[in-house]
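What follows is a single structure, written as C-alpha cells, with notes after it.
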Amino acid sequence: MLITFEGIDGSGKSTQARLLVEHLRSEGHATMLVREPGGTTLSERIRTLLLDPALDIDPFAELLLFSAARAQLVTEKIRPALGAGDIVVCDRFYDSTTAYQGAGRQLEAPDWLRAFHAKVTGGLVPDRTYLVEVPPAVAQARREGASDGTTNEASAPDRMEAGGLDFYRRVAAAYATLAEEEPDRFVRLDGEHSIDALHATVQADVQALMAA
Ligand code: ADP
Ligand code: TYD
C-alpha cells in the first residue's frame, strides 16, 4: 500500500507522515517512510540542487529534476518495498509537481503532465493521499517559527520557499483542484486542527483502508 502526504510547506504534513509511520510500526506493520525529493543517494543530491537559493533554475528544468529524483526513488526504494508487501508512506509525490511546477511556476499543466507522471513512476498511483490544507499565511508563520512562539526552529528560506505568498496561493488552489478531481484517492484535512486530532483522523482512515 502506498500512502502519500501533500500540502504547502509548513502545513504539517511531515509531522502527520511521521506519526502515521510510528503508529503503523507499533502495530507490527513493516513500513517505509520516504520524502521527496530524496530517499536515495541520487535523489538527495538532486534535492540539494533544487533547494539551493544560490541557483537560478529554469521552471522546466526544475520539473525535470524533481521528476528525475522521483524516478530513481520509485525504482530503487518504493517498488521493492511494495513488492515485499511493506506499507510505503511518502512525504510528497507527483501531486507536488502538478501543484508547485504546474501551478506555482505557472507551467502549463494539462494532460501531458498527468501522462508524464505516469511515465516517471511507471504508472504507480497512491492508494491514499492526505492533503493537509492551511492558509498560506499560517503555513508561512509556522515556517518562520511563529506558530506558537516556542518550539519551531526558524531557518533561512530555501529556494522553493522564496516563492512568496502568491506562489503558495497558486499551489494551494491547485491542490484543491486535484482533490476535487480524484475524490476517491484524496482525503482533505484541515491543517489548523491539532496535531493529535489530525493523527486520529488519519489513523482511522488508514485502518478502514486496510480493512477494505
Ligand atoms: P511540512 O512538512 O508540511 O512543511 P511540518 O510537519 O514540518 O510541516 O510542520 C511545520 C511546523 O508546524 C512544525 O514546527 C510543526 O511542529 C508545526 N505543526 C505541525 N502540525 C501542526 C498543527 N496541526 N498545528 C500547529 N502546528 C503544527
Ligand atoms: P522540503 O524541505 O521537503 O519541504 P516540506 O517540508 O514542505 O516538504 O522541501 C521540498 C520543497 O520542494 C518544497 O518546497 C516543495 C518542493 N517540491 C516541488 O516544488 N515539486 C515537487 O515535485 C516536490 C516533490 C517538492
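Screening the chain for whole DSSP H helices of 15 Å or more along their axis (Cα) with average Kyte-Doolittle hydropathy at least -1.0 returns 13-26, 41-51, 59-73, 111-121, 164-181, 195-211. Computed over the chain with a Gaussian network model linking Cα atoms closer than 10 Å, the most mobile of P157, P110, P59 is P110.
Going by the alpha-carbon gyration tensor, a ≥ b ≥ c the square roots of its eigenvalues, is the chain rounded (a/c under 1.5) or, if a/c is not under 1.5, prolate (a/b greater than b/c) versus oblate? In terms of gyration-tensor shape, rounded.
Panel order for F60, F116, by other beta carbons found within 10 Å of each beta carbon, from fewest to most: F60, F116.
The fewest-to-most ranking of I8, I3 by surrounding Cβ atoms within 10 Å reads I3, I8. Can you tell me which of G83, G122, G39 moves the most in a GNM of the chain? Springs connect C-alpha atoms under 10 Å apart. So, out of G83, G122, G39, the one fluctuating most is G83. For the chain, modelled as a GNM with alpha-carbon contacts under 10 angstrom, which of A173, A71, A54 fluctuates the most? Of A173, A71, A54, the most mobile in the Gaussian network model is A54.
For the range 93-197, applying the loop criterion from DSSP together with a ceiling of 11 other beta carbons within 10 Å to the GluC sites (Glu not before Pro) yields E108, E153. For the range 2-211, calculate the relative contact order in percent as a whole number, restricting contacts to Cα pairs under 8 Å that are 6 or more residues apart. Once normalised by length, the contact order is 31 percent. Taking label points 7 Å from Cα along the Cα-to-Cβ direction, E108 and E27 give a separation of 4.4 nm. As a rough footprinting exposure proxy, the listed residues V34, V74 were ranked by other beta carbons within 10 Å of their own, and the order from fewest upward is V34, V74.
Quick note: the coordinates plus some simple rules give every number you see, no bench work behind them. Keep in mind it's a predicted model, so treat the numbers as computed, not measured. Positions of Cβ are generated from backbone atoms using ideal geometry, with glycine treated the same way; all protein chains shown enter the neighbour counts.
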